[in-house]
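See below for the structure under consideration.
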Amino acid sequence: MAGELPDYYFRVRENGAAVFRIDTENRQRRIEMDQIAVINIRNGEVKPHGDRTLSPEDMAEIQSWMASRQALLAARDIDDIHRAVDYLNLTTHWAQSRATDDQLEDVTDALLLAMHDLRSVLVRKKADRLMNG
């Protein structure tokens, strides 16, 4: 391989990752991945794989990865919301300029209910912030 491999590999899963230690220092010079733990990003749980004991270096690397992953997921969440705002604007333009009566009939109730629900939550949260701030 062209570059230096990291000491750890994190296979992302739904709520976290499986953690592997990378080993290239063997006779065949093959890349070996030895699973050392499973982590849950939502509750911060780190479960050693099998009967392993994780070293302080293992834990430091896992904690660092978890912090980076949580930051990435938070950034993705807010990006998704900004995209939703854009999509609402595109939907408005579509409804005003291109939608047929049948298309509007198909989506109007669902859109109105979703927007009403969103508006209710946003107004309540804004009022809470104003009362507490």
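Miscellaneous remarks
- Qualifying residue in segment 90-104 (condition: touching a Phe, Trp or Tyr at 6+ places or on another chain (Cβ under 9 Å), modelled with pLDDT of 95 or more and surrounded by 11 or more Cβ atoms within 10 Å (Cβ to Cβ)): yes
- Of all residues making up segment 54-69, the number that are in contact (Cβ under 8 Å) with a residue 12 or more places away in the chain and either of a type in the set (Val, Ile, Thr) or assigned to a loop (DSSP other than H, G, I, E, B) (or both): 2
- Residue that is modelled with pLDDT of 95 or more and under 27 Å from Ala114 (Cβ atoms), where the choices are Ala84, Ala37: Ala84
- Asn26 surrounded by 14 or more Cβ atoms within 10 Å (Cβ to Cβ) and more than 30 Å from Gln103 (Cα to Cα): no
- Hits in segment 1-35 (condition: assigned to a loop (DSSP other than H, G, I, E, B), without any contact (Cβ under 8 Å) to a residue 24 or more places away in the chain and within 24 Å of Leu73 (Cβ to Cβ)): Pro6, Glu14
- For segment 36-53, filtered to residues that are in contact with a Leu (Cβ under 8 Å, 6 or more places away or on another chain) and not in a loop (DSSP other than H, G, I, E, B), the residue that is surrounded by the most Cβ atoms within 10 Å (Cβ to Cβ) is Ala37.
- Here Thr108 passes the criteria (1) exposed (fewer than 12 other Cβ atoms within 10 Å of the Cβ); (2) in a helix (DSSP H, G or I) except the one numbered (1).
- In this structure, Ala75 does not qualify as modelled with pLDDT of 95 or more, more than 21 Å from Pro6 (Cα to Cα) and not in a helix (DSSP H, G or I).
- Test: residue in segment 91-98 that is touching a helix residue (DSSP H, G or I) at 6+ places or on another chain (Cβ under 7 Å) and either more than 28 Å from Asn15 (Cβ to Cβ) or without any contact (Cβ under 8 Å) to a residue 40 or more places away in the chain (or both): yes
The values are calculated or read from the model by the stated rules, or taken from the named source; none is laboratory data. Keep in mind that what you see is a predicted model, and the values were worked out from it rather than measured. Here Cβ is always computed from backbone atoms with ideal geometry, including for glycine, and neighbour counts include all displayed protein chains.
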